[in-house]
Amino acid sequence: MEKHRGRSRFITLCVAPAAILFFIFMILPTLNVFRMSLFERGAYSPTETFVGLKNFQMLFRDSQFIRSMQNTILLIVVVTVITFALALVFAGILTREKIRGQNFFRVVFYIPNILSVVVISGIFSAIYKPENGMLNSILSMLSGKAIMVLWKDEPLVMVSIIIAMVWQAVGYYMVMYMASMSSVPQSLYESAGLDGAGRVTQFFQITIPLIWTNIRTTLTFFIISTINMAFLFVKAMTSGGPNGASEVALSYMYGQKDAGLYGYSMAIGVVIFLFSFLLSALVNKVTKREPLEF
């Protein structure tokens, strides 16, 4: 009994510092965001006025906030689908096919993930430059006439951000899926091949089900992290412009804070927090499968 108590005290002593820091720097600030969303105050003013749910009522009548949420959801859906589709396909090709320099491709695909968002944004801003950017130069060369597409103008700005976000993320998840796919027994593919199953059928009937646990975990993580990554790319590439066409929820929240509407920005933070939590729960529910073993 004394040995069990000593072990419990040791575990508590080891866990306590992390738990205390988590409570101070995560739980308390989160609770304070909920509290501040019920007040009205300036960003640098100590005076607070309790307004109840007024900030939330204003929020859902705010067309700019609604547009920013629509942009956020668009990025979550489109970037997630494209990134995971490309990551799985590239991982499947580099794992199953005999290609020279597989390690080289792993490194090349992974490099964007180690670059900062600011660097990637600078690269793509140069690529999208209307006058002499690489993209317009290639299009002009192929068409034989000068083309000046405004890639960061209102109709195409979201497409430009999506391309940059996918380029940044796809290599990281490709490497993760390659690690999972390499552990799938080759004998399963050989048996399926003898039964007449082609490469595509094997990919969907064997590979995907057997690495589904990894896909599910990374999918939840990526969807939630996309909310933050969208803010970083928008802030670095477009600052929400033109005319709010690329504004996302987090960038709009920071804009309201800078405008002095501190309580209102906290209300936006609460909505984003609840949206992230519910989205995570929904993804976990929808992607739940019976784990397969091999």
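Things to note:
- Region 138-195 - residue that is in a loop (DSSP other than H, G, I, E, B) and of a type in the set (A, V, I, L, M) and, of those, most open to solvent (accessible area, probe 1.4 Å): Met148
- Glu131 more than 20 Å from Ala249 (Cβ to Cβ), open to solvent by 70 Å² or more (accessible area, probe 1.4 Å), of a type in the set (Asp, Glu) and out of contact with any Cys (no Cβ under 9 Å at 6 or more places or on another chain): yes
- One residue stands out among those in region 213-239 that are touching a residue at least 60 places away in the same chain (Cβ under 8 Å) and either of a type in the set (Gly, Ala, Ser) or in contact with an Asp or Glu (Cβ under 8 Å, 6 or more places away or on another chain) (or both): the one that is surrounded by the most Cβ atoms within 10 Å (Cβ to Cβ), which is Val234.
- Residue in region 89-103 that is of a type in the set (A, V, I, L, M), in a loop (DSSP other than H, G, I, E, B) and farther than 16 Å from Phe233 by Cβ present: yes
- The lone exception for Thr80 - which of (1) over 30 Å from Trp167 (Cα atoms); (2) polar (S, T, N, Q); (3) surrounded by 15 or more Cβ atoms within 10 Å (Cβ to Cβ) it fails: (1)
- Some residue of region 65-74 being hydrophobic (A, V, I, L, M, F, W, C) and open to solvent by 80 Å² or more (accessible area, probe 1.4 Å): no
- Filtered by the rule that a residue be in a helix (DSSP H, G or I) and either without any contact (Cβ under 8 Å) to a residue 24 or more places away in the chain or acidic (Asp, Glu) (or both), region 109-121 gives Ile114, Val119.
- Residues (under 22 Å from the mean Cα position of the chain (by Cα), in a helix (DSSP H, G or I) and among the small types (Gly, Ala, Ser)) located in region 240-266: Ala249, Ser251, Gly255, Ser265
The values are calculated or read from the model by the stated rules, or taken from the named source; none is laboratory data. Every value quoted in this text rests on a predicted model; they were computed, and no experiment measured them. So basically every Cβ, Gly included, is an ideal-geometry build from the backbone, and we count neighbours across all protein chains shown. Note: accessible area is taken over every heavy atom of the protein model, side chains too, but ligands, DNA and RNA are not part of it. Shrake-Rupley method; radii C 1.70, N 1.55, O 1.52, S 1.80 Å.
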